[in-house]
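First the structure, in the form of structure tokens, and then the observations on it.
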Amino acid sequence: MTVNKRKKPASVNPIKTGQSLGAVLALQGCYRAMPLIHGSQGCSAFPKALLTRHFREPIAVQTSALQEMDVIFDANRNLEEALNIVLSKHRPDIIGIIGTELTDVAGVDYATMLKSYKRERNLRGGLAFSVVLPDFRGSLESGFSGAVEAMIDEMIQQAGHRGSRTVNTRQITLLPGSFLTPADVMELKEMISAFGFEVIAVPDISTSLSGHLLTGFSPLTRGGVPLDSMLQSLQSGLTIAVGASMERPARRLHNALGTPYKVFSGAMGLKASDDLLHFLHQISGEPVPLRYCWQRENLLDSMLDAHFQFAGMSVVTALEPDHLHSVSGWLEELGVEQKALIASYETPVVAGMEREVWIGDMDDAEVLGKDADLWISNSHGMAGAARIGAAFMPAGFPVWNELGAYMSASVGYRGAMDWTNKAGNLLMQREAGHRESSIRHR
Amino acid sequence: MDPVRKVDFDSEACGSQTPKSKPCPRPKPGEAAGGCSFDGAQITLLPIMDAAHLVHGPIACAGNSWESRGTLSSGPSLSQYGFATDLNDSDIIFGGEKKLKESIDYIAGRFAPPAIFVYSTCVTALIGEDMDAVCKEAGDRLGIPVIPVNSPGFVGSKNLGNRLAGDALLQYVIGTGEPEPETPLGVNLIGEYNIAGEMWDIEKLMNSAGISVTSRITGDARYQEITWAHRARVNMVVCSRALLGLAREMESRYGIPFFEGSFYGAKETTYSLRQMAYLMNDREMERRVDRLTEREESRLAQDLRPYRKILKGKKAVLYTGGVKSWSVISALKELGVQVVGVGTNKSTEDDVRRIADRVGDDTEYIPEGGASRILKTVRERKADIMIAGGRNMYVAMKEQIPFIDINQERHKAYAGYEGLLRLAKELTYSLANPIWKLAASSAPWDKEVPYDR
């Protein structure tokens, strides 16, 4: 409906993280990959620390470690040095060079450099791409989709030399958005394959960041989608993108290869899950598996049980755009008052929402969400939620105050049921806390 | 045991005002680890709890880092707010100075902090924002100190950032205020950031010996107390060479003697407390300290007995990178834990010398190379436990190696006598956890014993 912004010069308690962090996250979903951030040391140290804290997994990332004089004279010398070391020591299959605000403002042209580097070193068999992601634009979400787009572009270009392509109609490429947890991606893959499709998720964090003990530690990413599967995904008969931000990469596949695509803005809540399963049912001609029918019943029943809890409750939500849209749709079904919806930055999907959306930070959530009962945001919102006395429900990125947050699924009927119960429990605990304190102070 | 002032430390390394031979080494592209100077400056200054900390630049520097440190507050929490000017494309083209000025006004008007620290970042340094002028103008207009911290990430490593933050304190803060007349003057603790509440343990100890803390630089500090740091009688540099320059400068400017010490381990703690009393030149205090340390040490020895038994002969690999390596080694030695490998990538030559004083000859030095290199040492030396920073925690988990977090993100306080006991307990719990056996076991169907019908 409308997109508003509270007038204030500074960002107070930001929701936003840098775009480059999103790109690092995307590359964690590819097997034997190495994101290489072209910027100062902190540009990779902060994302690494933050991603580690959220996923409780080692994170693969390297840096060109630019210093002042490097930026002024020749930043690409550092990049070349970094590439040499990374290639000779780790031999990654995929290498993603992520340009930062620093290289962008300094006007460093690393795309051309990468091209000639590739030619000189005769880099075959691997995938190397670069992407410009300064953090004075967008946020995690746009960085994630931007990196996936650049990766797909590079794949298309590489495959382009090999001539014609055969389409495998039983194979679907899944482009999961940045807000989906490893458990979400796993659930989506399961749902799609339940209709007899082979599914390749690009990127696939469900097998890399979900916690596995397969291979021990490696400086490169472990798990995730391997390069040959990624290249094979170009033969898919259909692309399913989850999250509006993933439409651009899907469109790339369509424009270059003619692969049709379908975008789901989310898969959280009854209606969104219905839409996804109905679509899969229609394109496959297969019946909806019994377990999903059961799960649907379970969800509806749990919503009936929980609706007493949600009566008259109000919620403030502060998330990345796609995630906000998805969560808001679920909240709609719970019948709670949505006091304020705050997105980290503006995208068409939030501009198109039926409710009023604010572009802002946690401080805006605190002011606009005054007297709300439930607060949904990443862990940075904890202090604000405590200040306005709302129950705090962690969601999005980063979450550090809860074990296993990265493994909680919100998609599908089961995910919606879990979230409904979780939110209801939090409200119940809060109510009990209120009762207790009212007795104590009498 | 007479405390002896150690004066023979030379002044190389980033800690000093004048790096003689080896400045902070240039980070190596492709295998650099650790934060940048901006990170370092924030580590040093964010523990000033009642001040506002405004990051001037695009969002990521603040957005990726706020609320990520383990430094605790006993009261005000304004420093835990993430303030950023959040520059966008057009701000970068037309300059962000106006936005900076407005942001300072906004923060001053809404939160009324005693001071605002403004941090430059790579981008604002690159486009040549005149931050100092904006800060000065705003400070004069608003009547509160607005302090520019010029430590953009690309000038160097985290250590350098610590030092630049110390410079900012010297230039703009220390010496600008006076304590209340009846305040007892004592010791400044420099470079102690109250990680997991360590400062509180240390303060409690000092108070029971009758030594008062004048300024905490900067763990759980209030802005005002740092303004009168120049009135202290002794400076203690708490195991961080980065702020050694600050102590040196204060010695030459205000004649405050300083010493370097640590609170990790009972011996180091006793040494530090004695040194304080000695430098205060107070016989009565020295006696009190002696009584206190004797009492605490004997109680600790009693409490540690069961843990020592378990920990004796256990082997640890220590990778804290910076200066904490030598101080933690002492603590581990007292517990009977043998340090078989130690990281020296961010240590200065001086630190390395101190490490060498504390470890045996067969200890391996790990100069660089990150996680894989540490793991190699752990495996070769058959270490039982890894002690490192949070970034390496899950590296250890993937290899199923018991792990203790020692860096600034940790949640356990290990300083002082109580801290050593806590460290002993943590080590024991970690080693004794059943998960190590469980994680190493395979599923029953993976064991290749055919089913016997």
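The values are calculated or read from the model by the stated rules, or taken from the named source; none is laboratory data. Everything numeric here is computed off the predicted structure, so don't read it as measured data. Please note: Cβ atoms are built from the backbone with ideal geometry, for glycine as well, and neighbour counts cover all protein chains shown. Just so you know, the surface numbers come from the protein's heavy atoms only, side chains and all, with ligands and any DNA or RNA stripped out. Shrake-Rupley method; radii C 1.70, N 1.55, O 1.52, S 1.80 Å.
Hey, among B:422, B:410, B:381, B:373, which residue is within 14 Å of chain A (Cβ to nearest Cβ) and open to solvent by 60 Å² or more (accessible area, probe 1.4 Å)?
So the residue among B:422, B:410, B:381, B:373 that is within 14 Å of chain A (Cβ to nearest Cβ) and open to solvent by 60 Å² or more (accessible area, probe 1.4 Å) is B:373.
Restricting attention to the stretch A:1-20, which residues are more than 30 Å from residue A:200 (Cα to Cα), β-branched (Val, Ile, Thr) and open to solvent by less than 30 Å² (accessible area, probe 1.4 Å)?
A:12, A:15
Look through the stretch A:116-127, keep the residues that are more than 14 Å from chain B (Cβ to nearest Cβ) and open to solvent by less than 30 Å² (accessible area, probe 1.4 Å), and return whichever of them is farthest from the chain's Cα centre (by Cα).
A:126
Could you please tell me which pairs satisfy a Cβ distance under 9 Å, a separation of 6+ or placement on different chains, a first residue in the stretch B:134-153 that is among the charged types (D, E, K, R), and a second residue that is open to solvent by 40 Å² or more (accessible area, probe 1.4 Å)?
Correct list of pairs: B:137/B:101; B:141/B:105.
Residue check: is residue A:53 in contact with a Pro (Cβ under 8 Å, 6 or more places away or on another chain) and either surrounded by fewer than 24 Cβ atoms within 10 Å (Cβ to Cβ) or of a type in the set (A, V, I, L, M) (or both)?
yes
State all residues of the stretch B:137-180 that are at positive phi and more than 14 Å from chain A (Cβ to nearest Cβ); if no residue qualifies, say none.
B:143, B:175
With the requirement that a residue be closer than 27 Å to residue B:406 by Cα and in a loop (DSSP other than H, G, I, E, B), what does the stretch B:235-288 give you?
Passing the criteria: B:239, B:240, B:262, B:263, B:264, B:265.
So in the stretch B:38-71, with the set limited to residues that are among the aliphatic types (A, V, I, L, M) and under 20 Å from residue A:103 (Cβ atoms), which one is farthest from the other protein chains (Cβ to nearest Cβ)?
B:55
Only residues that are of a type in the set (Val, Ile, Thr) and at pLDDT 90 or above: list them for the stretch A:72-91, please.
A:85, A:86, listed by residue number.
Out of the stretch B:203-228, which residues are aliphatic (A, V, I, L, M) and closer than 19 Å to residue B:241 by Cβ?
B:217 - this is the single residue of the stretch B:203-228 that is aliphatic (A, V, I, L, M) and closer than 19 Å to residue B:241 by Cβ.
Return the residues of the stretch A:282-299 that are within 9 Å of residue A:413 (Cβ to Cβ) and in contact (Cβ under 8 Å) with a residue 60 or more places away in the chain; say none if nothing qualifies.
Scanning the stretch A:282-299 gives A:292, A:295, A:296, A:298, A:299.
Specify which of the listed residues (A:218, A:245, A:236) is buried (at least 23 other Cβ atoms within 10 Å of the Cβ) and more than 16 Å from residue A:171 (Cβ to Cβ).
Of the residues listed, the single one that is buried (at least 23 other Cβ atoms within 10 Å of the Cβ) and more than 16 Å from residue A:171 (Cβ to Cβ) is A:245.
Only one of (1) part of a loop (DSSP other than H, G, I, E, B); (2) modelled with pLDDT under 95; (3) more than 7 Å from chain A (Cβ to nearest Cβ) fails for residue B:28. Which number is that?
(3)
Look at the stretch B:78-110 and say how many of its residues are surrounded by 18 or more Cβ atoms within 10 Å (Cβ to Cβ), over 28 Å from the mean Cα position of the chain (by Cα), more than 17 Å from residue B:137 (Cα to Cα) and of a type in the set (D, E, K, R).
Number satisfying all stated conditions: 1.
Where residues in the stretch A:56-79 are open to solvent by 40 Å² or more (accessible area, probe 1.4 Å), in a helix (DSSP H, G or I) and more than 8 Å from chain B (Cβ to nearest Cβ), which of them is nearest to residue A:130 (Cα to Cα)?
My answer is A:77.
Hey, does the stretch B:329-336 have a residue that's over 24 Å from residue B:199 (Cα atoms) and crowded, with 16+ Cβ neighbours inside 10 Å?
Yes, because at least one residue in the stretch B:329-336 is over 24 Å from residue B:199 (Cα atoms) and crowded, with 16+ Cβ neighbours inside 10 Å.
Output the residue which, of all residues in the stretch A:21-44 that are open to solvent by less than 10 Å² (accessible area, probe 1.4 Å) and facing another protein chain (nearest Cβ under 7 Å), is nearest to residue B:409 (Cα to Cα).
In this case the residue turns out to be A:42.
What single numbered condition from (1) modelled with pLDDT under 95; (2) within 25 Å of residue B:162 (Cα to Cα); (3) not basic (Lys, Arg) fails to hold for residue B:91?
(2)
Please specify each residue of the stretch A:189-213 satisfying the condition of being in a loop (DSSP other than H, G, I, E, B), open to solvent by 30 Å² or more (accessible area, probe 1.4 Å) and hydroxyl-bearing (Ser, Thr, Tyr).
A:207
State which residue is most open to solvent (accessible area, probe 1.4 Å) when the search covers only the stretch B:184-209 and only residues that are among the aliphatic types (A, V, I, L, M) and under 20 Å from residue B:255 (Cβ atoms).
B:185
Here's a check for you: in the stretch A:85-115, which residue that is surrounded by fewer than 18 Cβ atoms within 10 Å (Cβ to Cβ) and over 17 Å from residue A:72 (Cβ atoms) is nearest to the other protein chains (Cβ to nearest Cβ)?
A:85
Would you list the strands (runs of 3 or more DSSP E) that sit entirely within the stretch A:296-400 and hold 1 or more residues that are β-branched (Val, Ile, Thr), touching an Asp or Glu at 6+ places or on another chain (Cβ under 9 Å) and crowded, with 18+ Cβ neighbours inside 10 Å?
A:314-319, A:337-343, A:357-359
Find all pairs meeting these conditions: Cβ atoms under 8 angstrom apart; at least six residues apart or on different chains; first residue within the stretch B:80-109 and more than 8 Å from every other protein chain (Cβ to nearest Cβ); second residue assigned to a helix (DSSP H, G or I) and among the polar types (S, T, N, Q).
That search, which allows pairs on different chains as well, returns B:96/B:124.
Just the residues that are over 30 Å from residue A:196 (Cβ atoms) and assigned to a loop (DSSP other than H, G, I, E, B), please, taken from the stretch A:124-183.
Those that are over 30 Å from residue A:196 (Cβ atoms) and assigned to a loop (DSSP other than H, G, I, E, B): A:124, A:125, A:126, A:133, A:134, A:135, A:136, A:137, A:138, A:139, A:161.
Could you tell me whether residue B:360 is within 12 Å of another protein chain (Cβ to nearest Cβ) and modelled with pLDDT under 85?
no
Can we say residue A:409 is open to solvent by 10 Å² or more (accessible area, probe 1.4 Å) and assigned to a loop (DSSP other than H, G, I, E, B)?
yes
Being touching a His at 6+ places or on another chain (Cβ under 9 Å) and within 12 Å of chain A (Cβ to nearest Cβ) is the filter; apply it to the stretch B:124-136 and report the residue that is most open to solvent (accessible area, probe 1.4 Å).
Ranking the qualifying residues of the stretch B:124-136, first place goes to B:129.
Could you please find all residues in the stretch B:64-89 being touching a strand residue (DSSP E or B) at 6+ places or on another chain (Cβ under 7 Å) and more than 14 Å from residue B:111 (Cβ to Cβ)?
B:70, B:71, B:84, B:85, B:86
Report whether or not residue B:74 is among the polar types (S, T, N, Q), assigned to a loop (DSSP other than H, G, I, E, B) and either open to solvent by less than 40 Å² (accessible area, probe 1.4 Å) or away from chain A (no Cβ under 13 Å) (or both).
In short, yes.
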